[in-house]
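For reference, the structure is listed below as structure tokens.
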Amino acid sequence: MPIDGYEALMNANYDILKEIGSIGMGHASTALSQMLNMKVSITIPEVYALTYDAAAEYLRERKSGSYVVRIGLQGDSKGDIFQILDKDFVSKVIQFFFQTQIDGLDGLDGLYSSVLHEIGNITSGAYCNSLASMTGLFIDISIPSHCPDCDFLITAKKDAISPDFDIAGHVKKVFLIKNSFFFGADEVKSSFLFVPELETVKSILKKLKEYYGFQTSAAEPLLVF
């Protein structure tokens with residue numbers, strides 16, 4: 001089917017996007033199980049499209065009760081991933097890893113934060129590896145870092161890619177991927193925002209066309225998240 005806009009792109013490729021996430025999270029659950037020495041399973045991801053303003057608001061609503069890890073994308077795919085680890089998630093990880101409880105997320109010391117950064121590295125890296133294997137793109141990731149002002153960074157990224165619309169009238173968007181993690185029988189939720197640059201979107205769409213036979217119209221080069 002022709003792909004004439006962002007919404008059509010989402011509809012045509014939704015199963016592929018879920019498959020990329022499912023494969024990546026499968027690898028991540030194996031790595032986390034080994035890291036924590038316990039069974040960790042992850043649900044099939046839910047994929048949503050958000051405007052930059054909605055993404056900033058999503059982060060703003062959660063940052064006081066979450067620990068956000070930022071990971072930069074390099075190579076053929078450029079952009080950022082923001083891993084949003086809710087307090088319950090952080091508490092479970094620290095409890096299982098250090099056999100201790102935390103009262104809150106403020107002032108987590110270097111040892112605790114390094115484990116959270118490694119969690120972000122594992123899950124984001126697994127997603128990027130899955131995306132790379134399904135598109136043939138080379139994707140490298142940066143060293144994870146804590147990003148307490150993530151909502152302002154998303155807004156700055158939006159301002160940097162002004163205007164907010166491409167010439168076909170499609171609002172620029174980012175991906176929100178949501179999962180549930182099961183640490184044994186205990187369920188906690190996590191999510192991350194995938195914020196690719198325009199050239200990365202074009203590259204991913206081009207590879208999906210080549211590998212899976214999707215057709216696009218002349219408007220395709222202007223498709224943007």
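Could you list, in sequence order, all residues of the stretch 31-44 that are over 17 Å from ILE94 (Cα atoms) and surrounded by fewer than 15 Cβ atoms within 10 Å (Cβ to Cβ)?
The answer is ILE44, and nothing else.
Considering only the stretch 31-65, how many residues are outside any helix (DSSP H, G or I), among the aliphatic types (A, V, I, L, M) and within 16 Å of ILE119 (Cβ to Cβ)?
3
Counting just the residues of the stretch 180-200 that are outside any strand (DSSP E or B) and without any contact (Cβ under 8 Å) to a residue 40 or more places away in the chain, which one comes out farthest from SER33 (Cα to Cα)?
So the residue we want is LEU198.
May I ask you to list the residues in the stretch 186-200 that are surrounded by fewer than 20 Cβ atoms within 10 Å (Cβ to Cβ) and at pLDDT below 85?
Within the stretch 186-200, GLU197, LEU198, GLU199 meet the criteria.
Name every residue in the stretch 148-185 that is acidic (Asp, Glu) and at pLDDT below 75, in order of residue number.
Listed by number, the residues that qualify are ASP151, ASP159, ASP164, ASP166.
Would you check if SER130 is at pLDDT 80 or above, under 23 Å from TYR67 (Cα atoms) and polar (S, T, N, Q)?
Criteria not met by SER130.
The values are calculated or read from the model by the stated rules, or taken from the named source; none is laboratory data. Being a predicted model, the structure only gives us computed values, none of them experimental. Reconstructed Cβ throughout: ideal geometry from the backbone, glycine too, with neighbour counts over all protein chains shown.
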